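First the structure, in the form of structure tokens, and then the observations on it.
The values are calculated or read from the model by the stated rules, or taken from the named source; none is laboratory data. This is a predicted model, so every value here is computed, not measured. Every residue, glycine among them, receives a Cβ derived from its backbone with ideal geometry; neighbour counts consider all protein chains shown.
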């Protein structure tokens, strides 16, 4: 599966539509952050464990639509593949460039909050490298800035600053993942779709 096809599964609006269909009040950005944090911690996350985490996170008993579950499976598969293929192509699931800066910033803060939660849920808290400690601290600051993000006004300076924060979050997540996992650029031709 091509990188672009994998990235399509990480579309914020797609996951937001699933949440609407399933009457879920949680944040799609926070859910994806949780997945990224868990995977970046170095712990293996099996598909069924991920589905159980989603059901608990979203506070649902079952899926109303099979397509909703499929989208959540594809989110998992695409995230794992983009982490592992070495292309550094993973993007956080946040509001896209058509959204206001405040929406983009708010969803980035939610993603960072989810990342911290996922990392914490993994139980990997011992012997953290200095780089990992710094990234987690930065993500905590980013998460705490949600109120400031909600007040962001659309202008070029804020756009530039937010773009840099998004890129920092993206690269930091992949750096943490590569600390614990071997990334294999050649493996992208051997991926199979999980259902």
Taking the range 98-125 and the residues there that are outside any helix (DSSP H, G or I) and out of contact with any helix residue (DSSP H, G or I) (no Cβ under 6 Å at 6 or more places or on another chain), the one that is surrounded by the most Cβ atoms within 10 Å (Cβ to Cβ) would be 124
Here is a check on your reading of the model: is residue 157 more than 16 Å from the chain's Cα centre (by Cα), assigned to a helix (DSSP H, G or I) and surrounded by 11 or more Cβ atoms within 10 Å (Cβ to Cβ)? no
What about residue 42, is it modelled with pLDDT of 95 or more and either out of contact with any strand residue (DSSP E or B) (no Cβ under 8 Å at 6 or more places or on another chain) or assigned to a helix (DSSP H, G or I) (or both)? no
Result of the Cβ filter at 9 Å on the range 144-172, keeping first residues that are free of Cβ contacts under 8 Å to residues at least 40 places away in the same chain and at negative phi and partners that are surrounded by 12 or more Cβ atoms within 10 Å (Cβ to Cβ) and not in a helix (DSSP H, G or I), at least 6 apart or interchain, is 161/152
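Listed here are the residues, each with its yes/no results for (1) over 18 Å from residue 166 (Cβ atoms); (2) without any contact (Cβ under 8 Å) to a residue 24 or more places away in the chain; (3) in contact with a strand residue (DSSP E or B) (Cβ under 7 Å, 6 or more places away or on another chain); (4) not in a loop (DSSP other than H, G, I, E, B).
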site: 6; (1), (2), (3), (4): yes, no, no, yes
site: 14; (1), (2), (3), (4): yes, no, no, yes
site: 18; (1), (2), (3), (4): yes, no, no, yes
site: 24; (1), (2), (3), (4): yes, no, no, no
site: 31; (1), (2), (3), (4): no, no, no, yes
site: 50; (1), (2), (3), (4): yes, no, no, yes
site: 54; (1), (2), (3), (4): yes, yes, no, yes
site: 82; (1), (2), (3), (4): no, no, no, yes
site: 86; (1), (2), (3), (4): yes, no, no, no
